[in-house]
Amino acid sequence: MAKDRVERDDEDLVRLYLTDIGQYTLLTKEDEVRLAKAIEAGNEAIVKLDAGGKDLTPAKKREYRRTARKGEEAERQFVQSNLRLVVSIAKKYQASGLPLLDLIQEGNLGLMHAVEKFDWRKGFKFSTYATWWIRQAITRGIANTGRTIRLPVHAGDTLARLQKARSRLELKFGRPATLSELAKEVEMPEDKVTEALRFAAEPLSLSEPLRE
């Protein structure tokens, strides 16, 4: 009875959360570029404020503070407009045993990292880039709970290798790796890579290049 009540409460909280985030409009690619530029300008303004100190005129300080505030608002809007992406990804990990809201919370941390690191100059869509960060945060959160299904030792080792290779390639290319790139990096057949990644709740869509 108590368990059923907790589950119902969780479902109610999820419904409320989904209703709440439904008010935020999705971004076009042009919106993403505009907001990313504002975030970048805001970060630069903060650096100038910190470095300038007493040498800055009052007018310059006001200008940099305005730019910094606009950057913070742009970052908030960027995150809010992508919260539904986190939910859609988090739902794929419900078999992990963690409550959906916990998975969403972990995914939101990944989303915030993605917003911080997104480079609009590279030309790819934010959702493509953010998906990797969200999945990475969720899988890390699951692992940290100690409640994941125990993998065979060889499968765990292979998965760790793949995750490290995936991180290297993401840093190299500025986007998530494709199946062929990942297989080449770890010197494994593509079908073996796909099989190994199934242990991690399908953390990547590996059939096509991800650049849009």
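Each value in this text was obtained by applying a stated rule to the coordinates, not by laboratory testing. Not measured: the values here are computed from a predicted model. All Cβ positions, glycine included, derive from the backbone under ideal geometry; neighbour counts span all protein chains shown.
Residue under question is Val86, and the condition is that it be loosely packed, with under 15 Cβ neighbours inside 10 Å, among the β-branched types (Val, Ile, Thr) and either on the phi < 0 side of the Ramachandran plot or in contact (Cβ under 8 Å) with a residue 24 or more places away in the chain (or both); does it hold? Give the steps one after another, and end with the answer.
Values: loosely packed, with under 15 Cβ neighbours inside 10 Å: no; among the β-branched types (Val, Ile, Thr): yes; either on the phi < 0 side of the Ramachandran plot or in contact (Cβ under 8 Å) with a residue 24 or more places away in the chain (or both): yes.
The answer is no for Val86.
I need a count of the residues in the range 47-61 that are of a type in the set (Asp, Glu) and over 20 Å from Gly71 (Cβ atoms).
Taking the range 47-61 as the starting set, the residues that turn out to be of a type in the set (Asp, Glu) are 50, 55.
Those left that are additionally over 20 Å from Gly71 (Cβ atoms): 55.
Number satisfying all stated conditions: 1.
Among the residues of the range 48-60, count how many are in a loop (DSSP other than H, G, I, E, B) and within 29 Å of the chain's Cα centre (by Cα). Steps first, answer last, please.
To start, the set of residues in the range 48-60 that are in a loop (DSSP other than H, G, I, E, B) comprises 56-57.
Among the residues that remain, those that are also within 29 Å of the chain's Cα centre (by Cα) are: none.
Counting residues in the range 48-60 that are in a loop (DSSP other than H, G, I, E, B) and within 29 Å of the chain's Cα centre (by Cα) gives 0.
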Task: Number of the condition not met by Trp133 [criteria: (1) within 10 Å of the chain's Cα centre (by Cα); (2) aromatic (Phe, Trp, Tyr); (3) not in a helix (DSSP H, G or I)] - done: (3)
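Residue-by-condition table, conditions (1) surrounded by 12 or more Cβ atoms within 10 Å (Cβ to Cβ); (2) assigned to a helix (DSSP H, G or I); (3) not aliphatic (A, V, I, L, M):
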| site | (1), (2), (3) |
| --- | --- |
| Asp20 | no, yes, yes |
| Val33 | yes, yes, no |
| Lys37 | yes, yes, yes |
| Ile46 | yes, yes, no |
| Arg62 | no, yes, yes |
| Arg66 | yes, yes, yes |
| Arg69 | yes, yes, yes |
| Val79 | yes, yes, no |
Task: the range 49-108: number of residues that are over 19 Å from Leu18 (Cβ atoms) and of a type in the set (A, V, I, L, M) - done: 7
